[in-house]
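Engineer: I have a structure I would like to understand better, so I am pasting it below and will then ask my questions one at a time.
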Amino acid sequence: MLGWGAVFNLSSTGGRWQQSESTSHINVLELKAIWFGLKSFCDKLRDTHIRLRSDSSTAVAYINEMGSCKSPSCNAITCTIWN
């Protein structure tokens, strides 16, 4: 619960959660970690497929379904990822 990390090929990135973020639900943090990883490694990619791997089945389900109505916070991050 201290920070996030992402790996792409042989590169890795990560960071610490801000104090206000660290109290968020784990699913929110998982989706934010995915978003930060995509921003770090795939910022210039367009019109391509990305294989995402995460140990959070909930985060993957939110992304695959392009959102859900169960958690407004998770849905907002998912919409950000897809846009």
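Engineer: Could you list all residues from the stretch 58-75 that are without any contact (Cβ under 8 Å) to a residue 12 or more places away in the chain, of a type outside the set (Ser, Thr, Tyr) and surrounded by 13 or more Cβ atoms within 10 Å (Cβ to Cβ)?
Structural biologist: Once the filter is applied, which keeps residues that are without any contact (Cβ under 8 Å) to a residue 12 or more places away in the chain, of a type outside the set (Ser, Thr, Tyr) and surrounded by 13 or more Cβ atoms within 10 Å (Cβ to Cβ), the stretch 58-75 yields 60, 61.
Engineer: Next up: When residues of the stretch 13-57 are filtered for being open to solvent by less than 80 Å² (accessible area, probe 1.4 Å), more than 20 Å from residue 2 (Cα to Cα) and either part of a helix (DSSP H, G or I) or of a type in the set (D, E, K, R) (or both), how many remain?
Structural biologist: Adding up the residues that qualify gives 1.
Engineer: Of all residues being in a loop (DSSP other than H, G, I, E, B) and not hydrophobic (A, V, I, L, M, F, W, C) in the stretch 58-83, which is farthest from residue 26 (Cα to Cα)? Just the residue, please.
Structural biologist: Here is the first cut: in the stretch 58-83, the ones in a loop (DSSP other than H, G, I, E, B) are 65-71, 83.
This time we only want the ones that are not hydrophobic (A, V, I, L, M, F, W, C), so: 65, 67-68, 70-71, 83.
Details: 65: 19, 67: 16, 68: 16, 70: 15, 71: 12, 83: 22 Å.
By that ranking, first place goes to 83.
Engineer: Let me ask another. Within the stretch 43-54, how many residues turn out to be of a type outside the set (Ser, Thr, Tyr) and in contact (Cβ under 8 Å) with a residue 12 or more places away in the chain? Can you show your working first?
Structural biologist: Quick first cut of the stretch 43-54, residues of a type outside the set (Ser, Thr, Tyr) only: 43-47, 49-53.
This time we only want the ones that are in contact (Cβ under 8 Å) with a residue 12 or more places away in the chain, so: 50, 52.
Counting residues in the stretch 43-54 that are of a type outside the set (Ser, Thr, Tyr) and in contact (Cβ under 8 Å) with a residue 12 or more places away in the chain gives 2.
Engineer: Same structure, new question: Restricting the search to the stretch 1-12, which residues are without any contact (Cβ under 8 Å) to a residue 24 or more places away in the chain, touching a Phe, Trp or Tyr at 6+ places or on another chain (Cβ under 7 Å) and outside any loop (DSSP other than H, G, I, E, B)?
Structural biologist: Of everything in the stretch 1-12, just one residue is without any contact (Cβ under 8 Å) to a residue 24 or more places away in the chain, touching a Phe, Trp or Tyr at 6+ places or on another chain (Cβ under 7 Å) and outside any loop (DSSP other than H, G, I, E, B), namely 3.
Engineer: Next question. Of the numbered conditions (1) touching a strand residue (DSSP E or B) at 6+ places or on another chain (Cβ under 9 Å); (2) in contact (Cβ under 8 Å) with a residue 40 or more places away in the chain; (3) more than 15 Å from residue 81 (Cα to Cα), residue 38 fails exactly one; give the number of that condition.
Structural biologist: It is condition (3) that residue 38 fails.
The values are calculated or read from the model by the stated rules, or taken from the named source; none is laboratory data. Keep in mind that what you see is a predicted model, and the values were worked out from it rather than measured. We place every Cβ from the backbone using ideal geometry, glycine too, and count neighbours over all the protein chains shown. SASA here: full protein model, heavy atoms, side chains in, ligands and nucleic acids out. Shrake-Rupley method; radii C 1.70, N 1.55, O 1.52, S 1.80 Å.
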